[in-house]
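Asker: The structure follows.
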């Protein structure tokens, strides 16, 4: 039955201000709770799965995000026209915009996320650093104010000590970040970082902090309610990255002992309480030489939330909806993980060619299954991968009684995966899983820098030969019925260079 009361304000209908697999994830949670859903879509997404699965769907604009998924006026108008009384922002797009949270509240709708005040406090890296210093949460040594120019940056960097990191104050996702090892590099790095920050966030402000060599990236999942409760639901290891973008995530972290784990989670709860945080959020830390430092807070649900759900047996989206409805948390601080969960992101990118985006039509598709394997994806045959949006195609998650079993299960799942029509990062993820250092838990955020990837010339030669046979036979469909597609049109399964690493299992 739709519109069942779940506590506090009555949530009857949720508009999901997002697309793809996160929109599907929210739709499924709402359906289980008897809540109706409204999808929004741009022109390329008119046949997307989230549009088909929602109870209602509203077009919000043409392909560019600025005219569709970032169009606040169109989104709120869609909520008004469909009678939605709550908005879930998903992740990305408007999810961490305090102005959007405030606009939803001003429209007398429930925002399924933190209040705008908390987002303002934590959304800006400088204000969040200041708040954490005041809350006595350890931060990376550095500034809490921006530097005016390159000359000022040099003076401050000398005080902090090289190497340093130049960082955009108003954004994240790896944009506007430069590492500088001496003052000669700093003027050019400052100009580049500031320009990138202006382009990405319309905010050129840059601050400086000490650069930690070979750190690990570990984040803590927190959830807070309006009744004063804040709990940490474990941590996630997110150190396997490329260009500051995560590729592999797992829980628990293989580097933390019980004492450090408890201390990090307590700091995360302390950070959330300091800004009056409610709903789901993630406090991110850097781990270096046995110590951890606050990095930033993501004021939303994270892409990698399924690993926490699988290890802790919880539903974070359901908890978001309950908290937004005014209910008390059902999660408890005493929760402990069961076994181990690990996730890889499958992106439409070519790892053999410096991760250039891969666009096209999904012509063939086989998603993995089996015991304790979860796939979050909006893919289907005929799906168009466009250049307009994030390259994430799917998340493959596996659970095991221990880390070794979880890795083996995910390895098997990736071998079952086939995405025909575009290149993907799946072969790279498979190679990571089979690397002896990764299996031993010996890695940091620079792990992928040691991976050298060359095009599969042997495969290209075979494809060229098959194409020649096809032309000779006059284009007979049957001649190629059993032939693999070319690398330009297929790469979900393992490539030759991924399979060659099997000996290092």
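Asker: In the range 166-198, which residue that is within 17 Å of residue 97 (Cα to Cα) and in contact (Cβ under 8 Å) with a residue 24 or more places away in the chain is nearest to the chain's Cα centre (by Cα)?
Answerer: Taking the range 166-198 and keeping what is within 17 Å of residue 97 (Cα to Cα), we get 168-173, 175, 197-198.
Those left that are additionally in contact (Cβ under 8 Å) with a residue 24 or more places away in the chain: 168-173, 175, 197.
Values: 168: 19, 169: 20, 170: 18, 171: 15, 172: 12, 173: 9, 175: 15, 197: 20 Å.
For the range 166-198, the residue satisfying everything is 173.
Asker: Starting from residues that are part of a strand (DSSP E or B) and touching a residue at least 24 places away in the same chain (Cβ under 8 Å), keep the ones in the range 42-87 and report whichever is surrounded by the fewest Cβ atoms within 10 Å (Cβ to Cβ).
Answerer: Start the filter on the range 42-87 by keeping residues that are part of a strand (DSSP E or B), which leaves 42, 56-61, 86-87.
Of the ones still in play, those that are also touching a residue at least 24 places away in the same chain (Cβ under 8 Å) are 42, 56, 58, 86-87.
Values: 42: 22, 56: 17, 58: 19, 86: 24, 87: 28.
Only one residue tops the list, namely 56.
Asker: Could you tell me whether any residue of the range 174-192 is within 24 Å of residue 321 (Cβ to Cβ) and either surrounded by fewer than 21 Cβ atoms within 10 Å (Cβ to Cβ) or touching a strand residue (DSSP E or B) at 6+ places or on another chain (Cβ under 8 Å) (or both)? Walk me through it before giving the result.
Answerer: Applying the first criterion (within 24 Å of residue 321 (Cβ to Cβ)) to the range 174-192 yields none.
Among the residues of the range 174-192, not one is within 24 Å of residue 321 (Cβ to Cβ) and either surrounded by fewer than 21 Cβ atoms within 10 Å (Cβ to Cβ) or touching a strand residue (DSSP E or B) at 6+ places or on another chain (Cβ under 8 Å) (or both), which makes the answer no.
Asker: Report those strands (runs of 3 or more DSSP E) wholly inside the range 368-424 carrying at least 2 residues which are more than 25 Å from residue 338 (Cα to Cα).
Answerer: Values: elements: 373-377, 392-400, 418-420.
Result: 392-400, 418-420.
Asker: Okay, moving on. Which of (1) in contact with a helix residue (DSSP H, G or I) (Cβ under 6 Å, 6 or more places away or on another chain); (2) within 25 Å of residue 259 (Cβ to Cβ); (3) in a loop (DSSP other than H, G, I, E, B) does residue 220 not meet, given it meets every other one?
Answerer: (3)
Asker: Every residue in the range 112-130 that is surrounded by 17 or more Cβ atoms within 10 Å (Cβ to Cβ) and either closer than 24 Å to residue 316 by Cβ or assigned by TED's automatic domain parsing to the domain that holds residue 266 (or both), please.
Answerer: 112, 113, 114, 115, 116, 118, 119, 120, 121, 122, 123, 128
Asker: Select from the range 337-366 the residues that are outside any strand (DSSP E or B) and touching a residue at least 40 places away in the same chain (Cβ under 8 Å) and list them in ascending order.
Answerer: Going residue by residue through the range 337-366, those that are outside any strand (DSSP E or B) are 337-339, 348, 351-355, 358-359, 362-363.
Those that are outside any strand (DSSP E or B) and touching a residue at least 40 places away in the same chain (Cβ under 8 Å): 337, 339, 348, 351, 352, 353, 355, 358, 359, 362, 363.
Asker: Let me ask another. Can you tell me which residues in the range 23-41 are under 20 Å from the mean Cα position of the chain (by Cα), surrounded by 22 or more Cβ atoms within 10 Å (Cβ to Cβ) and more than 22 Å from residue 361 (Cβ to Cβ)?
Answerer: 25, 26, 27
Asker: Right, another one. Return a yes/no flag: does the range 41-56 have any residue that is outside the structural domain of residue 387 (by TED's automatic domain parsing) and farther than 29 Å from residue 374 by Cβ. Outline the logic, then answer.
Answerer: In the first step, residues of the range 41-56 are kept if they are outside the structural domain of residue 387 (by TED's automatic domain parsing); the result is 41-56.
Next, from what is left, pick out any that are farther than 29 Å from residue 374 by Cβ: 43.
Checked against the condition, which is being outside the structural domain of residue 387 (by TED's automatic domain parsing) and farther than 29 Å from residue 374 by Cβ, the range 41-56 yields at least one hit.
Rundown of residues vs (1) touching a residue at least 40 places away in the same chain (Cβ under 8 Å); (2) in a helix (DSSP H, G or I); (3) over 18 Å from residue 345 (Cβ atoms); (4) under 22 Å from the mean Cα position of the chain (by Cα), yes/no style:
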| residue | (1), (2), (3), (4) |
| --- | --- |
| 207 | yes, no, yes, no |
| 226 | yes, no, yes, no |
| 241 | yes, no, no, yes |
| 266 | no, yes, yes, no |
| 294 | yes, no, yes, yes |
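Asker: From the list 381, 322, which residue is at pLDDT 95 or above, more than 30 Å from residue 442 (Cα to Cα), out of contact with any helix residue (DSSP H, G or I) (no Cβ under 8 Å at 6 or more places or on another chain) and crowded, with 21+ Cβ neighbours inside 10 Å?
Answerer: Working: 381 fails: crowded, with 21+ Cβ neighbours inside 10 Å.
Result: 322 is the single residue among 381, 322 that is at pLDDT 95 or above, more than 30 Å from residue 442 (Cα to Cα), out of contact with any helix residue (DSSP H, G or I) (no Cβ under 8 Å at 6 or more places or on another chain) and crowded, with 21+ Cβ neighbours inside 10 Å.
Asker: Tell me the residue from 367, 414 that is more than 17 Å from the chain's Cα centre (by Cα) and under 25 Å from residue 253 (Cα atoms), please. Quick ask: steps written out before the conclusion?
Answerer: Values: 367 fails: under 25 Å from residue 253 (Cα atoms).
Answer to the selection: 414.
Asker: Scan 236, 210, 261, 243 and give me the residue that is modelled with pLDDT under 95 and in contact with a strand residue (DSSP E or B) (Cβ under 9 Å, 6 or more places away or on another chain).
Answerer: Working: 236 fails: modelled with pLDDT under 95; 261 fails: modelled with pLDDT under 95; 243 fails: in contact with a strand residue (DSSP E or B) (Cβ under 9 Å, 6 or more places away or on another chain).
Step by step, each of 236, 210, 261, 243 is checked, and only 210 is modelled with pLDDT under 95 and in contact with a strand residue (DSSP E or B) (Cβ under 9 Å, 6 or more places away or on another chain).
Asker: While we're here: Would you point out the residue of the range 89-111, among those that are surrounded by 24 or more Cβ atoms within 10 Å (Cβ to Cβ) and assigned to a helix (DSSP H, G or I), that is nearest to the chain's Cα centre (by Cα)?
Answerer: Among those that are surrounded by 24 or more Cβ atoms within 10 Å (Cβ to Cβ) and assigned to a helix (DSSP H, G or I), it is 101.
Asker: Can you say whether residue 161 is in contact with a strand residue (DSSP E or B) (Cβ under 9 Å, 6 or more places away or on another chain) and loosely packed, with under 15 Cβ neighbours inside 10 Å, as far as the supplied structure shows? If you could, list the steps in order and put the result at the bottom.
Answerer: Numbers: in contact with a strand residue (DSSP E or B) (Cβ under 9 Å, 6 or more places away or on another chain): yes; loosely packed, with under 15 Cβ neighbours inside 10 Å: yes.
Spelling it out, residue 161 is indeed in contact with a strand residue (DSSP E or B) (Cβ under 9 Å, 6 or more places away or on another chain) and loosely packed, with under 15 Cβ neighbours inside 10 Å.
The values are calculated or read from the model by the stated rules, or taken from the named source; none is laboratory data. From a predicted model like this one, the values you see are computed outputs, not experimental measurements. Note: ideal-geometry Cβ built from the backbone for every residue, glycine included; neighbour counts use all protein chains shown.
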